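Just so you know, all these numbers are worked out from the coordinates, no wet-lab data involved. Being a predicted model, the structure only gives us computed values, none of them experimental. Note that each Cβ is placed from the backbone with ideal geometry, even for glycine, and that neighbours are counted across all protein chains shown.
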Amino acid sequence: MLPDEIIMSKIFFIRNQKVMLDSDLAELYGVETRRLNEQVKRNSSRFPEDFMFQLSQVEYENLKSQFATSSWGGRRKLPFVFTEHGALMLSSVLNSEKAIKVNIQIMRIFTRIREMRTNNLSIKLELEEIKKKLTNHDKNIELVSNYLDELIEKQDNPKPRKQIGYKRKNE
């Protein structure tokens, strides 16, 4: 079994999807990248666009620029990337015991990442709710403070009041 950190480091976020490079998957499965891609081409009906796509030149350059050292080698073609479903489908195309074990581990990691993302979303929603409450509390405190200031000002500068009622003869 591979450490989860190694697999997690090979998951990228491209086109708003979590994906893995064909070369990284081939390395994990213990096959050559060209052999992996050959199997995918032979079974192209199993890999629709939402399972696998080829990177554009710009996306590939951006991905390469994220790494200080270039260990990308000399590729003649732009790499393919596989979404979670595409990586799952690879296990049906690559029918080795290692591919099955690694694929199970990859699926567990994708699931864990999804759970972490969901947890982060719920935390963000809770924070937004707290911010709204604090903003509302701030407004209420400011309103109370303004009323207190008005009351204090009225107390310090009382207006002479006209008396209501019967007047006494002595007055």
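Tabulated values for the structure
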{"read-out": "Qualifying trypsin sites (Lys or Arg not before Pro) in region 135-171, DSSP loop, other Cβ atoms within 10 Å at most 11", "value": "Arg161, Lys162, Lys167, Arg168, Lys169"}
{"read-out": "Computed [θ] at 222 nm, helices only, for the chain once each DSSP H run of length n ≥ 4 contributes -39500 (n - 2.57)", "value": "-20000 deg cm²/dmol"}
{"read-out": "Between region 26-52 and region 125-155, the Cα center-to-center distance that results, in Å", "value": "60 Å"}
{"read-out": "Binned Cα-Cα distances of region 4-123, short to long, each 5 Å bin given as a whole percent", "value": "2, 10, 22, 24, 20, 14, 6, 2, 0"}
{"read-out": "Restricting region 1-85 to chymotrypsin sites (Phe, Trp or Tyr not before Pro) in coil, as DSSP defines it, with at most 14 other Cβ within 10 Å", "value": "Phe67, Trp72"}
{"read-out": "Protection proxy ranking of 40-46, 106-112 - average other beta-carbon atoms within 10 Å, highest first", "value": "106-112, 40-46"}
{"read-out": "Per DSSP, loop GluC sites (Glu not before Pro) in region 1-64 with at most 13 further Cβ within 10 Å", "value": "Glu32, Glu49"}
